[in-house]
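Undergrad: One structure follows; several queries about it will come next.
Just so you know, all these numbers are worked out from the coordinates, no wet-lab data involved. All values derive from a computational prediction rather than experimental measurement. Cβ atoms come from the backbone with ideal geometry, glycine included; neighbour counts cover every protein chain shown.
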Amino acid sequence: MNTSQWMACLLAATLPATGTAQDTSRKVYCWDEGGRQVCGDALPASAVDSARTEISARSGLRVGQVPRALDQGERAAAADAAKRAADAAEIEAATQRRDLAMIESYTTEADLRRAYGERITLVEESLKTSQLSVGNLRQSLLSLLRQAAEAELQQAPVPKPLADSIQGQHADLLRQQAIMQRQLADRASLGSDLAQALERYRTMKAVSPG
C-alpha cells in the first residue's frame, strides 16, 4: 500500500473522531480482504491471522508490520527446524565441554595418547576373549550337530535334550558373534577417534591460556 492509500485509510478510520482529542497510542490496521485493502481502527476476528500493516493514527506513519499466521504445515516445519537447531547447538556445546575436559585432564599429547592406548588395549583383550569364546562355541555346536546327524543316519529321532542343546548353543554363538562384531567396530574407530582428539587437543591448546 502506498502513502496516499495509507492516508485515505487513515482518514476513513479516524473520521468519526474528528474534533476530539486523539489517543497518541491509537493505531489503524490495514490488511487485504478479498483482494482489496481494508483499514480500520479495530481488527476483526476474520483478519487476526492475516498479514497487516499498523499505522499511527496520530502521525499517519507506519509503525509495524505483522506477517500472516503460519498454517499447520508451516508451524510443524518451523518447529522441526527449531528442534534441529537446538539439537545441533546441544551437540556443539557437548563437544566444547568434552574438549575443555580433555585439555584439563591431559597435560601433554603423550598423556592423551597413553589414555587412548589403554582403551585400545582393553578392547583388544576383550576381543581376544570373544574370539576364543566364539571358537569354543562353534566347536561345541559342531559336536552336537554331528551327534544329531548320526542319529538321523541311524533313522532314529534326535533326542529332545540334544535338539534343545543345539538351539541354545546356536543362540549363544550368534550373541557372542554380535558382541565380537561390536568390539571389532570399536577397535577400528579408536584409531580415527585418536586422530580427531589430537587435532582438537592441539587446537584447544593453541587458543587456551598457558
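Undergrad: In terms of Cα to Cα distance under 17 Å, which aspartates and glutamates are near enough to K27, apart from those fewer than 8 places away along the same chain?
TA: Within the straight-line cut-off, K27 pairs with D41, E54.
Undergrad: Now for a separate question. Can you tell me the relative contact order of segment 45-95? Whole percent, Cα pairs under 8 Å, sequence separation 6 or more. Walk me through the numbers before you get to the answer.
TA: On the way: 30 pairs, mean separation 12.6, N = 51.
The normalised contact order for segment 45-95 reaches 25 percent.
Undergrad: Per the helix-only calculation at 222 nm, which mean residue ellipticity applies to the chain, given -39500 (n - 2.57) for every DSSP H run of n ≥ 4 and division by its residues, nearest 500 deg cm²/dmol?
TA: Dividing the helical sum by the residues of the chain leaves -24000 deg cm²/dmol.
Undergrad: Still on this structure: Would you please give the FRET efficiency between V158 and L122, computed as 1/(1 + (r/R0)^6) with r the Cβ-Cβ distance and R0 = 45 Å, to the nearest 0.05?
TA: That gives a FRET efficiency of 0.60.
Undergrad: Using only C-alpha positions, report the orientation-averaged shadow area of the convex hull of the chain, nm², one decimal.
TA: For the chain, averaging the hull's shadow over all directions gives 27.9 nm².
Undergrad: In addition: Rounded to whole Å, give me the distance from the Cα center of segment 40-78 to that of segment 95-144.
TA: So the separation of the two Cα centres works out to 60 Å.
Undergrad: If you don't mind, there's one more thing I want to ask. Which three extents, in whole angstrom, do the alpha-carbon atoms of segment 72-180 cover along their principal axes, largest first?
TA: Its Cα atoms span 69, 55, 15 Å along the three principal axes.
Undergrad: Let me ask something else. Taking the alpha carbon gyration tensor of segment 130-210, what are the square roots of 5 times its eigenvalues, largest first, to the nearest whole Å?
TA: In descending order the semi-axes read 52, 9, 7 Å.
Undergrad: How many nm separate the modelled label positions at R146 and I91, each set 7 Å beyond the Cα in the direction of the Cβ?
TA: Between R146 and I91, the label points sit 5.2 nm apart.
Undergrad: Can you compute the equivalent ellipsoid semi-axes for segment 25-121, i.e. the square root of 5 times each eigenvalue of the Cα gyration tensor, sorted largest first and rounded to whole Å?
TA: The three semi-axes for segment 25-121 are 58, 17, 8 Å.
Undergrad: What are the lysines whose alpha-carbon lies under 25 Å from the alpha-carbon of K83, with same-chain residues fewer than 8 places away excluded?
TA: none
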